[in-house]
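Comments concern the structure below.
The values are calculated or read from the model by the stated rules, or taken from the named source; none is laboratory data. Keep in mind that this is a model prediction, so the values were computed, not measured. Ideal geometry is used to build each Cβ from the backbone, glycine not excepted, and the neighbour counts take in all protein chains shown. SASA here: full protein model, heavy atoms, side chains in, ligands and nucleic acids out. Shrake-Rupley method; radii C 1.70, N 1.55, O 1.52, S 1.80 Å.
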Amino acid sequence: MAAAAAGGPVAAPVCVLVLGMAGSGKTTFVQRLAAQLHAQRCPPYLINLDPAVRDLPFPANIDIRDTVKYKEVMKQYGLGPNGGIVTSLNLFATRFDQVMKFIEKRQNASKYVIIDTPGQIEVFTWSASGTIITEALASSFPSVVVYVMDTSRSTNPVTFMSNMLYACSILYKTKLPFIVAMNKTDIIDHSFAVEWMQDFETFQDALNQETSYVSNLTRSMSLVLDEFYSSLKVVGVSAVLGTGLDDFFVQLSKAVDEYEREYRPEYERLRKTLEEAQNKQKKEQLEHLWKDMGSVCVQGNTLAGSDDASAMGPSELILTRGTLDDEEEEERESDTDDIDHEVTEESREEPAFRNFMQETRMKYQRRSNLNQ
């Protein structure tokens, strides 16, 4: 704020995309984040992207429900609940450029932009609209993905591995800094999950109690995720009690630094590549246009009897329109509608020609009188 008052550059707001399985506590987590930031006199900019939510526990600055009516979409397109959510989000994504403008206007007042996503995680993660929204935010603002995990339901090693695999897929899909927020630590502490991630042998001991085929697959997959675990930011939080949020903001600050260091150059490179491709496409279209206009010019000048028509370009075509020669040619062509022969100097001295001209003047005089 001081930089803005002094006329210096304003820091771009941090966009926090909150994802997670249904029932993991995403919306409650967003509510707790908003309350924490308001208590610190740093009000966030809140966006709700869940069209099917009934009651929103936080005051959203932008609410998809104000733009798209979820039930009307279901009726109009004959869709079920999930199809209605996907279609509503797709419709909203077509107007997301306006959302970007609203965020830019509020960057002086809000340090954080928190986005709550639909309960059906696959709707946002694997849909075209989710990709459009994510890339639009990440190309303009520092963006971080927060994966909210239900810790109380992940005490089973197979369920835990399913959550981690989903988190890993989202990380490589979004290509953004990633934080795993292990929610509901007021029910059970998340230390067991952190130990499983850091100690392979401990996780294998937990899997030994499972004898199903899924446990054998999980044992194999756990080796693959070692690299994923090594760079993963994990924090235990309780959306109900508000514990762990200080650690969360520390991890969020590190994720923003990671974005500036590793991800922003890539997005700037992609943006530059896109601009170059667009400029190249425009240049090619302009060249085609010049060629087309040049061919029209050649045809027009050939009809006029020019000996060097091929040397003229579109600009010459424009400049030669309306010249004296063209006007005389047009007058000559327009006169042929009433006069079937061309007047010569010799014919002007003949009596028949004088009679013909007198009759022609009388004919035009009668036409003008009738028009009046």
(request) Keeping all protein chains in position, work out how much accessible area residue 45 exposes to a 1.4 Å probe, and write it in Å² to the nearest 10. (result) 10
(request) Determine, from the Cβ-Cβ distance of residue 54 and residue 96 and an R0 of 22 Å, the FRET efficiency 1/(1 + (r/R0)^6), rounded to the nearest 0.05. (result) 0.40
(request) Report in % the part of the accessible area of the stretch 126-223 that belongs to carbon and sulfur, leaving out ligands and nucleic acids; probe 1.4 Å. (result) 55
(request) Name the long-range amide H neighbours of residue 14: under 5 Å, sequence gap of 5 or more, or other chain; modelled H, no Pro or chain starts. (result) 112, 113
(message) On a straight-distance basis, which lysines could pair with residue 105 in a cross-link, Cα separation under 27 angstrom, same-chain partners fewer than 8 positions away excluded?
(response) 26, 69, 175, 254, 272
(message) Probe of 1.4 angstrom, ligands and nucleic acids ignored: what's the accessible area per residue over the stretch 34-79, in square angstrom?
(response) 60
(request) Find the relative contact order for the stretch 125-244 and round it to a whole percent, using C-alpha pairs within less than 8 Å whose residues are 6+ positions apart. (result) 30
(request) Please give the solvent-accessible surface of residue 269 in Å², to the nearest 10, using a probe radius of 1.4 Å with every protein chain present. (result) 120
(request) State, as an integer percentage, the relative contact order of the stretch 180-278 based on alpha-carbon contacts under 8 Å between residues 6 or more apart. (result) 35
(message) Defining a contact as two alpha carbons under 8 Å apart and six or more residues distant in sequence, what relative contact order in percent does the stretch 28-74 show?
(response) 33
